[in-house]
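The values are calculated or read from the model by the stated rules, or taken from the named source; none is laboratory data. Please read all numbers here as calculations on a predicted model, not as lab measurements. Note that we place each Cβ from the backbone using ideal geometry, even for glycine, and neighbour counts take in every protein chain shown. We work out accessible area using only protein heavy atoms, side chains counted, and drop any ligands, DNA or RNA first. Shrake-Rupley method; radii C 1.70, N 1.55, O 1.52, S 1.80 Å.
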Amino acid sequence: MSKKVLIIHAHPEPSSLTRQLVDVSVECLTAQGHEVLQSDLYAMGWKAIFDEHDFPERANLQRLSFGAESAHAYRHGRQTADVAAEQDKVIAADAVIFQFPLWWYGMPAIMKGWIDRVWAAGLAHNFKDAGNTYRYGDGAFKGKRAMLSVAVGGPAEDYSPRGINGPLEQLLFPITHGSLYFPGFDVLPTFAVYGTGHLTAVGADAAKEAWRSRLEGLFEDAPIPFRPQNGGDYTPRNELEPHVAVGQTGITAHVADGETTQRQQLETEGGVMKTFVILTRRADGAAEDFKRLAKPEVLHVWQGFADGIVRAVHGLAAGPGAAFELESTTFEEARDYIEALPYVQENLLHVQYCELKPFSDYEKLVSS
């Protein structure tokens, strides 16, 4: 069934990986029969600053209260034309994709300004003028899907569970859980490409293939299992019930059985949705074309969730045509073992981390 998908993207450089992935989005979703809407924020010259100019007809000229003025403007149809047009796109869409580079651990200011201005009172919060009644699983956008596609300059290790930057999903929690789940979206796991500051043509091609695979599951993949406010896990004061997430605090406590649920989903689907590492041989000091390699040196790694097991389920890094399996208690141990192999040390040109799902698509990728 044909759907409408809104792509909101923010990068001023047309040749950037972000913009290349946007092109893949349009191509892939259109080929699936979906209608694609776009908001290219830089091309639109989007006004990122949320200020008094957003309220042409103020309810109170003495003091600017953003919540009150936003509600007044939305309720009486007195919003600026650009804001109203973007709201119409979101309301019409079955899914919304945000594509952006990670700048200082968040989205670019122009995209944050889009959310600040478009997520009006009465729409994204204070829905039905009912205060906090409809949020976190309820709200105006309930039944719609949302996903982030993020280009990360740093290496995946920096964003690993013990990495210095912290896990990416936790860094993006204010967006996925706050900006998106709060008004009702079902939020899919973030798609991320790491190491884009040193991305090769090989890595860019692999990232595009991985993104195509994720887009195929846009309307089927399970969302992040955030705990709904009105699902029984919270007290009337919006604190977790004593029997829920016992011993847990902070961000992860608000994901319902996140590790177990995701592991069971992967086992049921027979798929892998974590990280793959591309290892390419040196060839005249430059990367070989990924598509031309008869047997590309590709190592696919996925990290177990509850048990922390890491397996290299397919790879040729030990030698041409040689596949091996590896088990380790942590991703870091697996990586250290792999990169210490003499064959890898002698031939490794670049290591690129992305996501790929399902495993059958990975097999198609390496055999193409």
Filter pass, Leu17 being surrounded by 14 or more Cβ atoms within 10 Å (Cβ to Cβ), modelled with pLDDT under 95 and under 26 Å from Glu220 (Cβ atoms): yes
Please enumerate the residues belonging to the stretch 35-79 that are without any contact (Cβ under 8 Å) to a residue 40 or more places away in the chain, open to solvent by less than 50 Å² (accessible area, probe 1.4 Å) and touching a helix residue (DSSP H, G or I) at 6+ places or on another chain (Cβ under 6 Å). Val36, Phe55
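Residue by residue through the stretch 117-130, note down the ones that are open to solvent by 30 Å² or more (accessible area, probe 1.4 Å) and modelled with pLDDT of 90 or more. Walk me through it before giving the result.
Our first condition is that a residue be open to solvent by 30 Å² or more (accessible area, probe 1.4 Å); within the stretch 117-130, this holds for 125-130.
His125 - this is the single residue of the stretch 117-130 that is open to solvent by 30 Å² or more (accessible area, probe 1.4 Å) and modelled with pLDDT of 90 or more.
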Of the conditions (1) open to solvent by 60 Å² or more (accessible area, probe 1.4 Å); (2) in a helix (DSSP H, G or I); (3) of a type outside the set (Phe, Trp, Tyr), Val90 clears all except one; give me its number. (1)
Kindly indicate which of Leu102, Leu148 is over 18 Å from Ala256 (Cα atoms), surrounded by 21 or more Cβ atoms within 10 Å (Cβ to Cβ) and in contact with a Phe, Trp or Tyr (Cβ under 6 Å, 6 or more places away or on another chain). Leu148
Select, from Ala109, Ala121, Ala130, Ala156, the only residue that is in contact with a helix residue (DSSP H, G or I) (Cβ under 6 Å, 6 or more places away or on another chain) and on the phi < 0 side of the Ramachandran plot. Ala121
Do we find a residue being assigned to a strand (DSSP E or B), among the β-branched types (Val, Ile, Thr), within 24 Å of Phe185 (Cα to Cα) and at pLDDT 95 or above anywhere in the stretch 33-44? yes
Selection count, the stretch 214-232, where residues are assigned to a helix (DSSP H, G or I) and either among the charged types (D, E, K, R) or open to solvent by 10 Å² or more (accessible area, probe 1.4 Å) (or both): 2
Please tell me if Glu13 is within 22 Å of Gly203 (Cβ to Cβ) and not in a loop (DSSP other than H, G, I, E, B). no
Condition test on Thr190, is it surrounded by fewer than 22 Cβ atoms within 10 Å (Cβ to Cβ), within 30 Å of Lys128 (Cα to Cα) and of a type in the set (S, T, N, Q)? yes
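State all residues of the stretch 163-192 that are hydrophobic (A, V, I, L, M, F, W, C) and either at pLDDT below 90 or over 13 Å from the mean Cα position of the chain (by Cα) (or both); if no residue qualifies, say none.
Ile164, Phe182, Phe185
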